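> The structure follows.
The values are calculated or read from the model by the stated rules, or taken from the named source; none is laboratory data. Just so we're clear, the structure is a prediction, and the values are computed from it rather than from any experiment. Backbone-built Cβ (ideal geometry, glycine too); neighbour counts: all protein chains shown.
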Amino acid sequence: MPQGGKGAIWYHRQVAEVYLSPNIAFPQYEKLQRDPRRTGAFRRVNEILDALEDDPRQRWLRTQRFRDPPLWCTGFDTDGEAWVILWSHDEEDEDRILVDYIGTASFG
C-alpha cells in the first residue's frame, strides 16, 4: 500500500510469516541447532529463513520447483554437503510460508 509524506512516496510491504512443520522441519531445526559440528549449516539455514520472511519471491530462494507436492527447493552447500530447505506458500495466505523439510539433499 503506497504511503507518503512531504512529497515522498514509499511502499510498505508486510513481511512473510515463516512456519516450520511441527513434525518434520521443526525437529530438524532443533537438532541442527544443538549440533556443534553443524554451526555453518545452522547459520545458513537461519539466513535462508530470514530471507524467506523478508521476501519469498526472491529468485535465488526458488532454485527448483517440485510439482507433487508443490514445493520450492532452496539449496546450499556447507561443510562439503548439499543441503535443502523445502517450502511452499500457504494456500490460504500468500504471506505465510510453510517449511516442510530442512536437511541434507539425500532425496536426489
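> Go through segment 73-89 residue by residue and tally those that are outside any loop (DSSP other than H, G, I, E, B), more than 17 Å from residue 52 (Cα to Cα) and in contact (Cβ under 8 Å) with a residue 24 or more places away in the chain.
From segment 73-89, those outside any loop (DSSP other than H, G, I, E, B) are 73-78, 81-89; that's our starting set.
Within this subset, residues satisfying the condition of being more than 17 Å from residue 52 (Cα to Cα) are 77-78, 81-82.
If we keep only those that are in contact (Cβ under 8 Å) with a residue 24 or more places away in the chain too, we end up with 78, 81.
The qualifying residues number 2.
> Now for a separate question. If you check every pair at least six apart or on different chains, which have Cβ atoms under 9 Å apart with a residue in segment 13-24 that is part of a loop (DSSP other than H, G, I, E, B) and β-branched (Val, Ile, Thr) first and a residue that is modelled with pLDDT under 90 and loosely packed, with under 15 Cβ neighbours inside 10 Å second?
Filtered contacts from segment 13-24: 15/95.
> Does any residue of segment 90-97 turn out to be assigned to a loop (DSSP other than H, G, I, E, B) and either surrounded by 11 or more Cβ atoms within 10 Å (Cβ to Cβ) or out of contact with any Asp or Glu (no Cβ under 7 Å at 6 or more places or on another chain) (or both)? Break it down stepwise before answering.
To start, the set of residues in segment 90-97 that are assigned to a loop (DSSP other than H, G, I, E, B) comprises 91-92.
After this cut, where a residue has to be either surrounded by 11 or more Cβ atoms within 10 Å (Cβ to Cβ) or out of contact with any Asp or Glu (no Cβ under 7 Å at 6 or more places or on another chain) (or both) as well, the list is 91-92.
Within segment 90-97, one or more residues are assigned to a loop (DSSP other than H, G, I, E, B) and either surrounded by 11 or more Cβ atoms within 10 Å (Cβ to Cβ) or out of contact with any Asp or Glu (no Cβ under 7 Å at 6 or more places or on another chain) (or both).
> For segment 54-89, which residues satisfy the criterion of being of a type in the set (Asp, Glu) and either within 14 Å of the chain's Cα centre (by Cα) or surrounded by 11 or more Cβ atoms within 10 Å (Cβ to Cβ) (or both)? Talk me through it step by step, then tell me what you get.
The first filter runs over segment 54-89 and keeps only residues of a type in the set (Asp, Glu), leaving 54-55, 68, 77, 79, 81.
Correct list: 54, 55, 77, 79, 81.
Listed here are the residues, each with its yes/no results for (1) out of contact with any Leu (no Cβ under 8 Å at 6 or more places or on another chain); (2) at pLDDT below 95; (3) β-branched (Val, Ile, Thr).
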position	(1), (2), (3)
7	yes, yes, no
11	yes, yes, no
15	yes, yes, yes
20	yes, no, no
23	yes, no, no
40	yes, yes, no
57	yes, yes, no
60	yes, yes, no
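> To continue, here is another question. I need the full set of residues from segment 18-53 which are surrounded by 13 or more Cβ atoms within 10 Å (Cβ to Cβ) and farther than 14 Å from residue 103 by Cα, in order please.
Hits for segment 18-53 are 18, 19, 51, 52, 53.
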